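For reference, the structure discussed in these notes is given below.
The values are calculated or read from the model by the stated rules, or taken from the named source; none is laboratory data. Note that the structure is predicted; figures quoted are calculated from it, not measured. Every residue, glycine among them, receives a Cβ derived from its backbone with ideal geometry; neighbour counts consider all protein chains shown. Heavy atoms of the whole protein, side chains included, go into the accessibility calculation; ligands, DNA and RNA do not. Shrake-Rupley method; radii C 1.70, N 1.55, O 1.52, S 1.80 Å.
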Amino acid sequence: MKASITLAKEFKTGDIDPRLYGSFIEHLGRAVYGGIYDPSHPTADEDGLRLDVIDLVKELNVPLVRYPGGNFVSGYNWEDGVGPVEKRPKRLDLAWGTTEPNTFGTNEFMKWCKKANAECMMAVNLGTRGADEARNLVEYMNHKGNSAWADLRRSHGFEEPWGVKLWCLGNEMDGAWQMGAKTAVDYGKLANEASKMMKWTDGSIETVLCGSSSRNSPTFGEWEAQALDIAYDSVDYVSLHQYYENRADDTPSFLAKTLELEEFIYSVICVCDYIKAKKRSKKTINLSFDEWNVWYHSDNAPYERWSYSPPRLEDIYNFEDALLTGSMLITLLRHADRIKIACLAQLVNVIAPIFTETGGRIFRQTIFYPFEHLSNYGRGAALKPIIKCPKYDCRQFCDVPYIESIATYDEEREELAIFLVNKSLDEAADIEIKLLDLDGFTPFEFISMDGYDKKAVNGFGSEKVAPHLNPIPEADGAVINLHTKAFSWNVLRLKKQ
Ligand code: AHR
């Protein structure tokens, strides 16, 4: 097929907030125990943190990690996870039917963040607990002076405050599966009070209001409007969560899901701006897409109820999942003006790009690579290209463009990067790339992932689904001819000469 892409600096949709490349660690399955924390592992450091995991997290260049849940947080007593380990209680986690030993808690996670070069996005429990426990946690984490909670932190060996800037006001509070689920009005009131008190404790923090648990949730739309109507002045972001699946083994529809994602994002922006208009407010609420990924491969995997960190949600990702996750992140970047935070859910073992053996090996899943490319090369400003390409119809969608793409322009590094998915199962694409006001930019690297069976996966000792380098495409002045293989992920990097 033939296609064209036109690009200009003027096509900027927004500056990319680095926090768009965030991820998520929940006390769930082997994300913490056997994942980031595994004292018996040969690479474990003095804090029991796996350095092989930290190395891969650094490869992903993740600047922000959400913690400790997820559904888990809605029953979590943060006080259980601080202080002397031997005194910490074992608790039943009703979210995932396991026992939480609390060996690893908030301070351990903050140490991990420092070592992984990431900031923490901390979630508070607004399910079984409330505003009081939330503001106490802010005081424990962030207060410099002497106060009961700050002094408790000191007595635990942490003289300096952690200075956590970003806080989630609960998690998926509309969902019946959530401990302490609420109506939008009840949640709006609680989130408003919690956020006010948390910000009175530390005026430098930002808070995220829970949106609906997905676009398919029956509460979607009205929930955001009602909760925001109440909490608009005290919060900064509203959250979005979305996972996709390919149960019907309908790959064209699966890869077309980004059309739905686009609608979802646009709708949430509209709801935020509707409340802004209604309130005649000068303040804009931005979006925190703090859970997104493919999730379905591991459904119904058996586990022993009330056991400690059993394998849960251990999806093994295939090549088509890599193409969809790349397309999802491209879609988020198209809205870089309003999406300021996003978290690939999750980071290690649990629906994750990094997979470990407890006490043993590690590998990069297929979805690791598109994220790695975007996070490392997709900085600066997002440029939304004009794409002309053939379209297809499938069972769930019509008029799906075969080519999905975003470009990023890093003024400081004088680099341009074009990220592109060719969704056709069988047709290569010859793409004419026209650069309008980007004189002197010449390609210096062309990376792709292609030629794999759509169901191909990676495993321990076999990362066969991985990117490779290609010959640099020819450029004729401001026109570059890029040949992309059928069913491929592509990254073209250019530098100003
Ligand atoms: O990421 C897994 C789970 O998905 C999270 O705990 C929850 O927030 C969502 O439903």
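Can you tell me which residue is nearest to G22 (Cα to Cα) among those in region 287-301 that are at pLDDT 95 or above and assigned to a loop (DSSP other than H, G, I, E, B)? Filtering region 287-301 for residues that are at pLDDT 95 or above and assigned to a loop (DSSP other than H, G, I, E, B), the one nearest to G22 (Cα to Cα) comes out as W295. Residues of region 194-239 that are within 15 Å of I275 (Cα to Cα), of a type in the set (A, V, I, L, M, F, W, C) and touching a Gly at 6+ places or on another chain (Cβ under 6 Å): A227, I230, A231, V238.
Screening E412, E427, E432 for residues that are in a strand (DSSP E or B) and either of a type outside the set (G, A, S) or without any contact (Cβ under 8 Å) to a residue 24 or more places away in the chain (or both) leaves exactly one candidate, E432. Under the condition of being under 26 Å from D250 (Cβ atoms), part of a strand (DSSP E or B) and open to solvent by less than 30 Å² (accessible area, probe 1.4 Å), the residues counted in region 358-396 number 1.
No other residue among E193, E260, E224, E245 is over 30 Å from E320 (Cβ atoms), among the acidic types (D, E) and open to solvent by 10 Å² or more (accessible area, probe 1.4 Å) apart from E193.
Restricting attention to region 329-343 and to residues that are open to solvent by less than 20 Å² (accessible area, probe 1.4 Å) and in contact with a Ser or Thr (Cβ under 6 Å, 6 or more places away or on another chain), the residue that is nearest to L383 (Cα to Cα) turns out to be A336. Number of residues in region 96-117 that are touching a residue at least 12 places away in the same chain (Cβ under 8 Å) and outside any loop (DSSP other than H, G, I, E, B) equals 12. Could you list all residues from region 450-472 that are crowded, with 16+ Cβ neighbours inside 10 Å and of a type outside the set (A, V, I, L, M, F, W, C)? D450, Y452, K454, N458, P467, N470, listed by residue number. In region 156-190, the qualifying residues are those that are more than 15 Å from the ligand (Cβ to nearest atom) and in contact (Cβ under 8 Å) with a residue 60 or more places away in the chain, and the one that is surrounded by the fewest Cβ atoms within 10 Å (Cβ to Cβ) is H156. In region 189-209, the condition of being closer than 19 Å to M141 by Cα, β-branched (V, I, T), outside any loop (DSSP other than H, G, I, E, B) and more than 25 Å from the chain's Cα centre (by Cα) is met by at least one residue.
For V62, only one of the following conditions fails: (1) open to solvent by 10 Å² or more (accessible area, probe 1.4 Å); (2) part of a loop (DSSP other than H, G, I, E, B). What is its number? Looking at each condition in turn, V62 falls short on (1).
Here F355 passes the criteria (1) open to solvent by 10 Å² or more (accessible area, probe 1.4 Å); (2) assigned to a strand (DSSP E or B); (3) away from the ligand (no atom under 16 Å from the Cβ) except the one numbered (3). Against the numbered list (1) at pLDDT 95 or above; (2) within 14 Å of the ligand (Cβ to nearest atom), K279 comes up short only at (2). Residues that are in a loop (DSSP other than H, G, I, E, B) and over 9 Å from S309 (Cβ atoms) within region 27-44 comprise I36, D38, P39, S40, H41, P42, T43, listed in sequence order.
Given the condition assigned to a loop (DSSP other than H, G, I, E, B), within 16 Å of the ligand (Cβ to nearest atom) and either touching a residue at least 24 places away in the same chain (Cβ under 8 Å) or β-branched (V, I, T) (or both), answer yes or no: does some residue in region 72-87 qualify? Checked against the condition, which is being assigned to a loop (DSSP other than H, G, I, E, B), within 16 Å of the ligand (Cβ to nearest atom) and either touching a residue at least 24 places away in the same chain (Cβ under 8 Å) or β-branched (V, I, T) (or both), region 72-87 yields at least one hit.
Quick check, is E291 at negative phi, charged (D, E, K, R) and open to solvent by less than 30 Å² (accessible area, probe 1.4 Å)? So E291 fits the description; yes. Checked against (1) more than 20 Å from the chain's Cα centre (by Cα); (2) away from the ligand (no atom under 14 Å from the Cβ); (3) not small (G, A, S), D337 passes all but condition (1). So how many residues does region 227-280 have that are β-branched (V, I, T), touching a residue at least 60 places away in the same chain (Cβ under 8 Å) and under 21 Å from V294 (Cβ atoms)? Total meeting the criteria: 3. For region 23-59, a residue qualifies if it is open to solvent by 10 Å² or more (accessible area, probe 1.4 Å), in contact with a helix residue (DSSP H, G or I) (Cβ under 8 Å, 6 or more places away or on another chain) and hydroxyl-bearing (S, T, Y), and the qualifying residues are Y37, T43.
Restricting attention to region 109-118, the residues that are touching a Leu at 6+ places or on another chain (Cβ under 8 Å) and either open to solvent by 10 Å² or more (accessible area, probe 1.4 Å) or over 24 Å from L60 (Cβ atoms) (or both) add up to 3.
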